[in-house]
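The next block holds one structure in the form of structure tokens; read it before the comments.
The values are calculated or read from the model by the stated rules, or taken from the named source; none is laboratory data. No experiment lies behind these values; they were computed from the predicted model shown. We place every Cβ from the backbone using ideal geometry, glycine too, and count neighbours over all the protein chains shown. Side chains are part of the model used for accessible areas, which takes the heavy atoms of the whole protein and leaves out ligands, DNA and RNA. Shrake-Rupley method; radii C 1.70, N 1.55, O 1.52, S 1.80 Å.
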Amino acid sequence: MVLWAPWGERTVGSGAESPEDAAGIYVHALNRWDEARLRDLSITDGPTLDAGIKRRFDTSGGKGITVGDRRVRYGPAPHQASVNLVGRAASGEVFSERIFLNRVNDHWFVNLHDIPEDQGTPPLPTANTSRP
């Protein structure tokens with residue numbers, strides 16, 4: 001199934017029925033190293049998605065995470081939400097992560113993209129050259 005995002009970008013996944021479902025699918029995919037399922041939860045594709053998935057597998061992949069709390073918070077717009085995931089890995093290590101979601105066409109997608117690190121310092125603002 002291919003959906004179209006309201007801003008014109010093609011979505012790559014089918015998402016989930018609810019934020020709670022998306023959170024459950026997300027944790028299940030981490031535990032199973034299921035890259036295809038994580039991609040199915042993403043709204044768009046690209047190198048930032050690849051980086052986000054890799055980072056999540058590096059930190060939480062295959063750890064047997066059990067989540068005890070999936071607290072959903074809806075955002076300022078009805079198509080935005082976040083889920084606080086709190087639980088434990090099979091080793092006893094505490095797992096805590098906040099995932100951000102967007103709803104498109106009645107499906108919820110997890111923002112798995114990582115923003116690239118800054119490439120130096122930002123430019124200075126231009127000076128106000130107008131004179132009173």
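Somewhere in region 83-92, is a residue within 21 Å of LEU38 (Cα to Cα) and at pLDDT below 90? Within region 83-92, none of the residues are within 21 Å of LEU38 (Cα to Cα) and at pLDDT below 90.
Considered as a group, the residues in region 37-57 that are small (Gly, Ala, Ser) and buried (at least 19 other Cβ atoms within 10 Å of the Cβ) include one that is nearest to ARG103 (Cα to Cα), and that residue is SER42.
A count restricted to region 86-109 and to residues that are open to solvent by less than 30 Å² (accessible area, probe 1.4 Å), within 8 Å of the chain's Cα centre (by Cα) and more than 15 Å from PHE57 (Cα to Cα) stands at 2. Taking the criterion of being touching a Lys or Arg at 6+ places or on another chain (Cβ under 9 Å) and in a strand (DSSP E or B), the residues of region 30-72 that qualify are THR66, VAL67, GLY68.
For the condition modelled with pLDDT under 95 and more than 15 Å from GLU17 (Cα to Cα), GLY61 does not qualify.
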